[in-house]
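FYI, it's all coordinate maths here, none of it is from the lab. Here the structure is a predicted model, which is why all the values come from computation and not from measurement. Neighbour counts run over all protein chains shown; Cβ positions are idealised from the backbone, glycine included.
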Amino acid sequence: MDDFYLNRSLILAEQAISLSSPNPRVGCVLVKNGQIIGEGHTQAAGSAHAEVMAIRNATERGLDATGCTVYVTLEPCSHFGRTPPCVNALKSIQPARVVVALLDVNPQVSGQGVSALRSAGMLVDVLPSSHPIAVATHELNIGFIERMTRGKVYTRLKTAASLDGKTALPDGHSQWITSDAARTDGHRWRARADVIVTGIGTVLHDNPQMNVRGARVAHPPMKCVLDSYARTPLNARLFEDDASVCVVCADLDESHDEHAGQSARLAALCAAHTAVRIVRVPMLNGRVDLAALWVYFHEQSFNEIHVEAGGVLNAALLSARLIDELLIYQAPRVVGAGLPMADFGDALILDDLQKKPNWQWLDVVRLGEDVRLRLRKTQH
Ligand code: AOF
Ligand code: ZN
């Protein structure tokens, strides 16, 4: 039965997507005499963790949790952060046993939560890291885990392309290369992100809304346009909802010809839209320094970035080694030769087939008439 209740905890944890960031997505179930007596998931940062929500839920139902078994997807925290330790909350209900799917990599917790529970006399079981529920918990929190362990923001790049890797038709039409099922799925991945990134070329050409449609979001992801010279139109569709918009522009010095024009356009953007945030980033080889921007994203404690851009920006991000995951929707169409843009531009030249592949398959799924390929960068 452990797997059954841990699976239920995992389903609850998934409900924290778009809500809990920068905190991990955690679910918790309290079980007594074969009945679920309380359940919960992590709330927004600064609010209750999953364990506290589950205990509250049992209390609200008038049920006594003493002696229960706690199923929780992530090791209960042992430190005072924005909230008091969950370990203390658990001690207050005196469970007989705690089952944990995955240890918390946060250095302030990492094993200390489990030790504290054991010291308090509880039986604690932790799944082996290869257990499917531990793996799923890891995947659900890949952004949090990468931020904590590698100090970077997990970045997923989405493209939709033809069989021959083209993102546009000869006349430039590109928006609907794949079918409804693929687009709906794409929105679910957008919903997981703290920020959706695109380039000014895409804004000017496709005028995207860059929002999440057809999936529930507690906090809509921030929209971010890489726009060195501040050319984002005041009436761009990405301003149509109230999500915050970050315009990333080049930090031009006053001797630069474009300086005055850029300042005037930025002022107009800020005057027209209260939700605009301007971020200035140094130039590197004539464009915004992407690595510097990703440092800024890390400083914001973002866990996951979702990129939907054109071939030029995609290629630059891949070359800068900022992409961790590829999400490629491929339509069963061949566009043909000599056409505008391939999904990764042409900046990456594979020169040696003897080298190990740099991407490994995560999964390949049929979605309506299309396929979805998901790959993760190999570490070597
Ligand atoms: C848990 N249960 O549901 C979550 C945990 O600043 P705080 O107090 O919100 O603490 C944030 C840290 O707590 C976070 O970095 C992670 O280590 C842990 N998250 N722990 O026991 C939860 N979301
Ligand atoms: Zn906690």
Exposure-ranked with fewest Cβ neighbours within 10 Å first, 26, 295 stand as 295, 26
Quick query: amide H of residue 126 versus all other amide H atoms, modeled in the peptide plane; which residues come in under 5 Å with a sequence gap of 5 or more or a different chain?
100
Given the rule -39500 (n - 2.57) for each run of at least 4 DSSP H residues, summed and divided by the residues of the chain, what is its mean residue ellipticity at 222 nm, to the nearest 500 deg cm²/dmol?
-8500 deg cm²/dmol
Determine the shape class of segment 173-232: with a ≥ b ≥ c the square roots of the Cα gyration tensor eigenvalues, call it rounded for a/c under 1.5, and otherwise prolate if a/b is greater than b/c, oblate otherwise.
oblate
Taking DSSP loops as anything outside H, G, I, E and B, show the longest stretch in the chain free of GluC sites (Glu not before Pro) there with at most 11 other beta carbons within 10 Å.
1-239
Once both label points are put 7 Å beyond Cα along the C-beta direction, the residue 296-residue 358 separation in nm becomes 2.5
What distance in nm separates the simple spin-label points at residue 188 and residue 33, each placed 7 Å from Cα in the Cβ direction?
3.8
So which chymotrypsin sites (Phe, Trp or Tyr not before Pro) in segment 1-90 pass both tests, a DSSP loop state and at most 11 other Cβ atoms within 10 Å of the Cβ?
80
Highest GNM mean-square fluctuation among 222, 122, 210, for the chain with Cα springs under 10 Å, belongs to 122
For the residues 225, 279, what sequence is obtained by ranking on other C-beta atoms within 10 Å, fewest first?
279, 225
Taking the Cα centre of the chain as origin, work out the dipole magnitude from +1 charges on Lys and Arg Cβ and -1 charges on Asp and Glu Cβ, in debye rounded to 20.
720
Evaluate the charge dipole of segment 77-224 about its Cα centre and quote only its size in Debye, nearest 20, assuming +1 on the Cβ of each Lys and Arg and -1 on the Cβ of each Asp and Glu.
380
What does a probe at residue 240 reach in segment 184-214, counting residues whose amide N is under 12 Å from the point 7 Å along Cα→Cβ?
207-213
With the charge dipole of the chain built from beta-carbon charges (+1 for Lys and Arg, -1 for Asp and Glu) about the Cα centre, the Cα from 124, 295, 162 projecting farthest to the positive end belongs to 124
Stretched fully, the stretch from residue 229 through residue 179 gains (0.36 nm per residue minus C-alpha distance, one decimal, in nm) 14.6 nm
Along the positive direction of the dipole of the chain (beta-carbon charges: Lys, Arg +1; Asp, Glu -1; about the Cα centre), which of 310, 272, 94 reaches farthest?
94
Mean Cα-pair separation over length for the chain, i.e. relative contact order, pairs under 8 Å, 6 or more apart, %
15
Give the cross-link partners of residue 32 among the lysines, using a straight C-alpha distance below 28 Å as the criterion and excluding same-chain residues fewer than 8 apart.
91
Residues of segment 356-373 with backbone N under 15 Å of the label point set 7 Å from the Cα of residue 139 along Cα→Cβ are 360-366, 372-373
Nonlocal amide H pairs with residue 199, under 5 Å, H built at 1.01 Å
226, 310
Name the cysteines of the chain that stand alone by the Cβ rule: no other cysteine Cβ under 4.7 angstrom.
28, 68, 77, 86, 249, 270
